[in-house]
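The values are calculated or read from the model by the stated rules, or taken from the named source; none is laboratory data. Bear in mind the structure is a predicted one, so any value in this text is a computation, not a measurement. A quick note on method: Cβ atoms are made from the backbone with ideal geometry, for glycine too, and the neighbour counts reach across all protein chains shown. The protein model used for the area step is the full one, side chains on, heavy atoms only, and it has no ligands, DNA or RNA in it. Shrake-Rupley method; radii C 1.70, N 1.55, O 1.52, S 1.80 Å.
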Amino acid sequence: MPRGQVAPPAVARDPDAVCAIGRRLRSVRYARGKSLRVVAGLAGMSTNTLWRLERGERALDRLTEIVALAQALEIAPAVLLKPLWIELAGDHLERIGPAPAQR
């Protein structure tokens, strides 16, 4: 597995997981009142990269990106992964099913 990658390739390409994380990223950014340009700059990535992450066109599968975005948004990294049930399995995170409905 490439250095910095935290999700197995099959999970990283799971369209439902990629879209769920992208939607979560966008909703947190909106809730924080930060522009795409500001968050991208703080996270050290291009606005195009962040735009693609939010739209689910690119997987957020690198620990360095997760941490950088979490710091830019002033949240815990786990908040970005909240839509998914995950478990630590060796050196990677594994999707094990959808998140339960909130009560």
- Item | With all protein chains modelled, accessible area of residue 28 [1.4 Å, Å²] | 20 Å²
- What net charge do the residues around residue 74 carry, taking every other residue with its C-beta under 10 Å from that of residue 74, with Lys and Arg at +1 and Asp and Glu at -1? +2
